[in-house]
Amino acid sequence: MRKKLLLVMLILGLIVAYKFFGLESFFSFENLKAQKELLLSLVQSHFWLSAAVLMLGYALSVALMIPIATFFALAAGFMFGALWGTLIAVLGATLGAVASFYVARFVLGESLQQKYTQELNRFNSEFEANGYSYLFALRLLPIFPFFLINLLCGLTRIDVKTFFITTFIGIIPGGFAYTYAGSQLSSINALSDIFTKEMALAFVFLGLLSLIPVVYKKYQHRKGA
């Protein structure tokens, strides 16, 4: 219990420090545009170090649930191009998601599963059977907050391998959209220029497609019954 409390306090302390020192202005769209030349020079001089720092920063922001993922995705696209930028951004976001997943499981998930084993049995069985499809849909549908999915998955019995794979692959479309926008940073004047209604509809369509196997399996089960 003491370890859990210390971990929660550490995370809350880092979030408070971020707010207290006013780092929102540093991780802003405007500051990113203002620092273009410096960022490009860093990439040219220290490519792998720059990639690692950006990936780590992205992972920490996701793990701490600080809403600056857009900044890192745009920075990845501008600094490394759409393809390399997507890989760096998606991997950073996935690692941060796994960290949140483990924190939720350590702090509350394990005790919750032990205390309500019978009540959660059906839910766990459904997730074991269709976990990939459900998580792909959750990652693709731009409805549920990214951090919330990470935390809720940590409360389930889904294995980390399934969580990692579905997160990594499921956020590639959105990651590519933002990193590509970052590679075109000079032509973007506001964040509203990036995420359009058409893009949101495309994600919804992809999310619904990922649920087809679940619907088909349930249909076959009812038909057999």
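The values are calculated or read from the model by the stated rules, or taken from the named source; none is laboratory data. In this text, all values refer to a predicted model and were calculated from it rather than measured experimentally. Note that each Cβ is placed from the backbone with ideal geometry, even for glycine, and that neighbours are counted across all protein chains shown. The protein model used for the area step is the full one, side chains on, heavy atoms only, and it has no ligands, DNA or RNA in it. Shrake-Rupley method; radii C 1.70, N 1.55, O 1.52, S 1.80 Å.
What the table below lists for this structure:
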quantity	calculated
Flag if Lys33 is modelled with pLDDT under 85, out of contact with any Cys (no Cβ under 7 Å at 6 or more places or on another chain) and open to solvent by 60 Å² or more (accessible area, probe 1.4 Å)	no
The range 41-70, residues that are part of a helix (DSSP H, G or I) and touching a Ser or Thr at 6+ places or on another chain (Cβ under 7 Å)	Leu42, Val43, Val62, Ala63, Ala69
Subset tally (residues that are over 25 Å from Lys115 (Cβ atoms) and surrounded by fewer than 18 Cβ atoms within 10 Å (Cβ to Cβ)) for the range 145-171	5
Leading residue by the ranking (farthest from Ala99 (Cα to Cα)) among those in the range 1-23 that are at pLDDT 85 or above and open to solvent by 60 Å² or more (accessible area, probe 1.4 Å)	Val16
Phe26, sole failed condition from (1) under 25 Å from Ala97 (Cβ atoms); (2) open to solvent by less than 70 Å² (accessible area, probe 1.4 Å); (3) not aliphatic (A, V, I, L, M)	(2)
Qualifying residues in the range 181-204 (those that are buried (at least 18 other Cβ atoms within 10 Å of the Cβ) and in a helix (DSSP H, G or I)) - the one modelled with the lowest pLDDT	Phe203
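This table checks each residue for (1) open to solvent by 20 Å² or more (accessible area, probe 1.4 Å); (2) out of contact with any helix residue (DSSP H, G or I) (no Cβ under 9 Å at 6 or more places or on another chain); (3) within 22 Å of Ile165 (Cβ to Cβ).
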position: Leu38; (1), (2), (3): yes, yes, no
position: Ala63; (1), (2), (3): yes, no, yes
position: Thr70; (1), (2), (3): yes, no, no
position: Trp84; (1), (2), (3): yes, no, yes
